[in-house]
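Below: the structure, in structure tokens.
Only the coordinates and a few stated rules stand behind these numbers; no lab work does. On a predicted model such as this, the values are computed, not experimentally measured, just so you know. Heads up, the Cβs are rebuilt from the backbone with ideal geometry, glycines too, and the neighbour counts pull from every protein chain shown.
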Amino acid sequence: MASTKMADDSAKLQILKDALYEEIRQHGSETRLFSQKDLLDLNIVPNNDVVLLVRVVQGLTDDKLLVGTTNHHAGLAWRWRSREEAKKYTSLPNDETVMVYSIIDEAGADGIWNRTIKNKLNMHEAVVKNCIKFLETKGYIASMKNVEHPNKKMYIKATLRPSERATGGPWFTDGELDTAFISELEGIVFEYVKSRSAYRGSQPQPAASSSRATTKLPRKGAVTADSTVARGTKRSAADISTDDTQAPARGGSAKSRHIFLPMPAGYRHYPTVAEMAKFIHDTGITNNTTLGEADIQQLVDVLTYDGLIEPVRVGRRRGYRVTRAMKQDTVPFRKRQQEREAGVGLDQPLLPGPEPLSNGLTEAPCGRCPVFELCEEGGPVSPSNCVYFLQWLDLEDLPKAVAPNVALPP
């Protein structure tokens, strides 16, 4: 009779365990914590019997289907574990391996350092190594690289994908910072902001005259030598008023150059981060790499810190615009890259943004001379044969016989 009663109790307990486990799964994800009150509110245990609830929960915990933890608000709480994962725990050979696998499981997608495992469990290093080797052989865990700790041996559950914090997100490839990919995207984002926050215009530029001679205008009221009016006689007001209309054009015919001009005051359509992210997604330039708004915001922050763009708020809209629009390069950044690939412009740095700020020292060749330390009279480079002065003075096209004579004296 006693054995029959115990068998009936075990069967009832198993029914309650299965019913409570399924009810827990339907009421929350694996990360949700259930307190004792939450379990009683599921109305699985009859009459809210706390003693019976403890037996059911203990049975599920022994089967590795429930994981006990502490909660600051509710005290002792439990979260459920899948049956497939519970089978892995029950298949482990000893308690040491269970503890090692459990601590790796708790680390989640960030992974955990093997020395941290040893320190937390206070185990001998050889025991930890044997447990890790067994778990790797079974395919339960895998080693991983963490960009924050590249020299540390990290481990993660084999079924998990490393977090962006561990892998560095889309900016890292095989644990290495992909600087080429970042530079490419920075240029694309910058060109998009420039095209949406400034417009192309033209600026008159006087052409240089061949003789550089200008006609000297007479002073107001003065009589010139070729005038029919005798000297000493003042001209009439009507004659003076025609001086401006008869003045010859100085410097020859005027030319114009293309420049970027800033948008007028009150412009409301500066590009936002969401628009930049949509543009990059629609163009498909990142191939298999998915970039969200948070990733694009990081690129925008870098461009802002570099002084290439600046935030502007119009109403509730937060957009971005280029700085120093009139000094921006009118040739797209991508075209400049293609020119460099073809061998053009290799002597100039390829950087997005406006022309660098300059002054008299930096504009003169000596202020930015790459061979300044070698420059001396009689040496390989000297002021008398400096080619940088010819470039600065636009005298490169002069005949060789004349060019050396225009260099500055030592």
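Based on C-alpha pairs under 8 angstrom that are at least 6 apart in sequence, the stretch 25-136 has a relative contact order of 21 percent. FRET efficiency for the Thr137 to Thr304 pair, using the beta carbon distance and R₀ = 41 Å, is estimated at 0.25. The simple Förster model, with R0 at 35 Å and r as the Cβ-Cβ distance, assigns Ala294 and Lys118 a FRET efficiency of 0.50. A Förster radius of 45 Å, combined with the Cβ-Cβ distance separating Val371 from Ser256, puts the computed FRET efficiency at roughly 0.75. Distant-in-sequence amide contacts of Asn71, defined by a placed amide H-H separation under 5 Å and a gap of 5 or more residues or a different chain, comprise Leu76, Ala77. The peptide list 178-187, 268-277, put in order of mean Cβ contacts within 10 Å with the highest first, becomes 268-277, 178-187.
What is the local net charge at Ala198, summed over the other residues whose Cβ is closer than 14 Å to its Cβ (Lys, Arg +1; Asp, Glu -1)?
On the way: positive: Lys194, Arg196, Arg200, Arg321, Arg324, Lys327; negative: Glu191, Glu310, Asp329.
Result for the neighbourhood of Ala198: +3.
Normalised by the number of residues in the stretch 2-85, the average gap of Cα pairs under 8 Å and 6 or more apart makes the relative contact order 32 percent.
Grab the Cα-Cα distance for Asp49 and Ser202, subtract it from 0.36 nm times how many residues apart they are, and report the gain in nm with one decimal.
On the way: separation 153, 0.36 × 153 = 55.08 nm, distance 8.55 nm.
That works out to 46.5 nm of additional length.
You can think of it this way: the chain between Thr173 and Glu148 has 7.6 nm of extra reach, that is 0.36 nm per residue less the Cα-Cα gap. Each pair of Cα atoms in the stretch 92-167 enters the Kirkwood radius, and Stokes-Einstein at 25 °C and 0.890 mPa s then converts it into a translational diffusion coefficient of 200 µm²/s.
If each residue of separation counts as 0.36 nm, what is the full-extension length gain between Leu393 and Glu23 once their alpha-carbon separation is subtracted?
Details: separation 370, 0.36 × 370 = 133.20 nm, distance 8.48 nm.
The span from Leu393 to Glu23 would gain 124.7 nm if fully extended.
Under 5 Å between amide hydrogens, built in the peptide plane, is the criterion, and for Tyr320 it picks out Val312 among residues at least 5 positions away or on other chains.
Can you compute the equivalent ellipsoid semi-axes for the stretch 2-85, i.e. the square root of 5 times each eigenvalue of the Cα gyration tensor, sorted largest first and rounded to whole Å? Present the calculation step by step, with values, prior to reporting the outcome.
On the way: eigenvalues 100, 41, 26 Å².
Over the Cα atoms of the stretch 2-85, the semi-axes work out to 22, 14, 11 Å.
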